[in-house]
1. Kindly indicate whether any position in the range 482-499 is of a type in the set (Gly, Ala, Ser) and at pLDDT below 60.
2. Considering the range 325-345 alone, what residues qualify as being in a loop (DSSP other than H, G, I, E, B) and either surrounded by fewer than 17 Cβ atoms within 10 Å (Cβ to Cβ) or not assigned by TED's automatic domain parsing to the domain that holds Asp308 (or both)?
3. Restricted to the range 2-36, and to residues that are of a type in the set (Ser, Thr, Tyr) and part of a strand (DSSP E or B), which residue is modelled with the lowest pLDDT?
4. Does Ser567 fit the bill of being among the small types (Gly, Ala, Ser), modelled with pLDDT of 70 or more and more than 17 Å from Val496 (Cβ to Cβ)?
5. Looking for whichever is surrounded by fewer than 20 Cβ atoms within 10 Å (Cβ to Cβ) and within 18 Å of the chain's Cα centre (by Cα) here; the options are Gly27, Gly52, Gly44. Which one fits?
6. Please pick out the residue among Leu239, Leu254 that is without any contact (Cβ under 8 Å) to a residue 24 or more places away in the chain, in a loop (DSSP other than H, G, I, E, B) and at negative phi.
7. May I ask you to say which residue of Asn62, Asn35 is touching a Cys at 6+ places or on another chain (Cβ under 7 Å), crowded, with 21+ Cβ neighbours inside 10 Å and either free of Cβ contacts under 8 Å to residues at least 60 places away in the same chain or among the polar types (S, T, N, Q) (or both)?
8. Under the condition of being more than 18 Å from Thr31 (Cα to Cα) and touching a helix residue (DSSP H, G or I) at 6+ places or on another chain (Cβ under 8 Å), which residue from the range 158-189 is surrounded by the most Cβ atoms within 10 Å (Cβ to Cβ)?
Amino acid sequence: MSATRVVLFCGGRGSATIIRALLRQTGIDLTLLVNAYDDGLSTGALRSFIPGMLGPSDFRKNLSYLLGNYSDAQYALKNLMEYRLPGGAAAVENLARFARDNDATLLEEPLKSWFAQLAPLLSLRVRGLLGRFFDHAAGGAFDYRDCSLGNLVFAGAYLARGNDFNAAAAEVGDLVASRAQLLNVSSEQNRVLVGLKQDGSLLASEAEIVGPQSPAPITDLYLLQLPLSDADVQALTALDFSGKQAFLAARDALPHLSPAAAEALARADIILYGPGTQHSSLLPSYRIARMALTASPAPVKALVMNLDSDNDVLGLTASDLVDRALAYGAPVSDILLNKASDRLPAGALTTDSYRGARIVRGAFATPFRPAVHNGSAVADAALALHTDAPGTSLEIFADIHNRSAAGDEIVEEFLETDWGGVPVQLTLNHVTQADAGPIATVHLDGMFPESGYFRDWLKHGVSDYLVLMTGDGGYRFRDVQAILALMERQPSLGGVFGSRTQSRRQFITSIQAAYGEHRVLYRLGKVAAFFLSQLFYLRTGVIVSDPLTGLRVFRRRSLAGLPASGSDAPLAIVRQLIAHGVEIAELPVLYRTFSGFTDPYWRVRRGLRNLMGLL
């Protein structure tokens, strides 16, 4: 089954918790799109020292989020990449000598311990890239103070890759064994980001755009091939606002979207516009990707609203930021807005929609850390939007053995269940009730009528999900809803089974209700349950606590292209699904048995047929 492809536009820090939450999900193919126009502090010094190089800081920060902290080596590499050099000449010289000679005695702590924890090949690669930069810098006047070691590694990769920034990003991503694809949004053309404010103030660099400034809002962004000279700044000072716009527009040179970013957007299921410094990290990226964003078939294009105001959005409300995103080329289907949005004025985001986008309000701030996004809440909301996209539908087949008289009760429970607006069809087997609305009846015979219905659904059905409810007892529709909620959160799941054996009491009660006074069958029933679970594991490599459950839910897109099974036995069909890579899970459910309605011999026959299907 193909994973859910998520593309996240992000900057350096604003989306950290969201990235980690998405990586905790199964079945997610994550791509991060970042621009490289950062030119502040040591990053700006590095770009000036290596003309033509873009800013690596946001790439380095995102790579640190993609590193796992579950091994000493990964933790050490993360610390190395984020380590800030003290700047003393002796410390820098010792680091350069270590990069060339691998003499660990030259290093001070904690660098010495961190390098010692790296695998030899990884240490060799890191030292090689550092050495490439130090060779380039030999004899030059570079200020190392507060420069991150990771930026020097990136610079070494840039030089080693023939001054190809995107190739350097791939090199460093491979170095850290990145758990997601990290891409530059542009085709690496060097640009200088400048801004113009409503009061006519000029912001001549990215550092000025994110730094302290007047309260007037930023109105325009430009990407220039060269920094503004002193003469340019002096000429701009003499112009009125429209003159400044014309001057800068004449020098604006929008870079091309990188082919890798274009491909990611074309294949995306979900596009997330992350939070962060809007006028430096995000809006320029939307501008570069405008055409690809418009053409992308992704049904979910969700904007995650900032929690706070910031230097670059002074004087703007949340609705103003939506307007800016739209103006710069980002189509928005949904707006994820924190319920308590008083830290950033909501503006016109007071209803259920704005500019054609649905407003989704939630607890998107982390409790006790109100300035940090709750990554899990954002990720869950985004994935739910994709699951709930138009076209999601559900079909239920219920065959309650020898209980056709219970049809009225099943229908009543079905009609009283809130399905959240999802189209639902209930089909009852051998129930004497006229078809009406979302309820239909069929007459399917045989030991396993659900298998025939399942095959027909795969071949001719149109619903996204199929629920099979069979047995000589009763399941609850609320448990069906719980299973569907699990599948929405876990896009990798192709099927979920309701387990009746998650508690000892429930298991014993179920066996007692099934076999009543038949002591031999009662004892055999308990033994057979364990035996079938063990045999199922031996044949499939998957542990299922209740292989004979009658409640199964399947997702259509996970089963596409599977060949037909040669057996009607449900376990044979499930075995085939697992063999073809369909992921199966279990969820505890309540199974109600009714005195006088259970059929022990029918259960035995079904169990034996299922057993034969596994052999």
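1. The initial filter retains those residues of the range 482-499 that are of a type in the set (Gly, Ala, Ser), namely 482, 485, 492, 494-495, 498-499.
Retained after the next criterion (residues that are at pLDDT below 60): none.
Checked the range 482-499: no residue is of a type in the set (Gly, Ala, Ser) and at pLDDT below 60.
2. Restricting attention to the range 325-345, the residues satisfying the condition of being in a loop (DSSP other than H, G, I, E, B) are 328-333, 339-345.
Lys339, Ala340, Asp342, Arg343, Pro345 - these are the residues of the range 325-345 that are in a loop (DSSP other than H, G, I, E, B) and either surrounded by fewer than 17 Cβ atoms within 10 Å (Cβ to Cβ) or not assigned by TED's automatic domain parsing to the domain that holds Asp308 (or both).
3. Restricting to residues being of a type in the set (Ser, Thr, Tyr) and part of a strand (DSSP E or B), the top hit is Thr4.
4. Answer is yes for this residue.
5. Selected residue: Gly27, the only one of Gly27, Gly52, Gly44 that is surrounded by fewer than 20 Cβ atoms within 10 Å (Cβ to Cβ) and within 18 Å of the chain's Cα centre (by Cα).
6. Details: Leu254 fails: without any contact (Cβ under 8 Å) to a residue 24 or more places away in the chain.
Only one candidate passes the filter, namely Leu239.
7. Working: Asn35 fails: touching a Cys at 6+ places or on another chain (Cβ under 7 Å).
Asn62 is the lone residue from the list that is touching a Cys at 6+ places or on another chain (Cβ under 7 Å), crowded, with 21+ Cβ neighbours inside 10 Å and either free of Cβ contacts under 8 Å to residues at least 60 places away in the same chain or among the polar types (S, T, N, Q) (or both).
8. To start, the set of residues in the range 158-189 that are more than 18 Å from Thr31 (Cα to Cα) comprises 158-164, 189.
Those left that are additionally touching a helix residue (DSSP H, G or I) at 6+ places or on another chain (Cβ under 8 Å): 158-161, 164.
Numbers: Tyr158: 29, Leu159: 19, Ala160: 18, Arg161: 16, Asp164: 15.
Restricting to residues being more than 18 Å from Thr31 (Cα to Cα) and touching a helix residue (DSSP H, G or I) at 6+ places or on another chain (Cβ under 8 Å), the top hit is Tyr158.
The values are calculated or read from the model by the stated rules, or taken from the named source; none is laboratory data. Note that this is a predicted model, so its numbers are computed, not measured. Cβ: placed from backbone, ideal geometry, glycine included. Neighbour counts: every protein chain shown.
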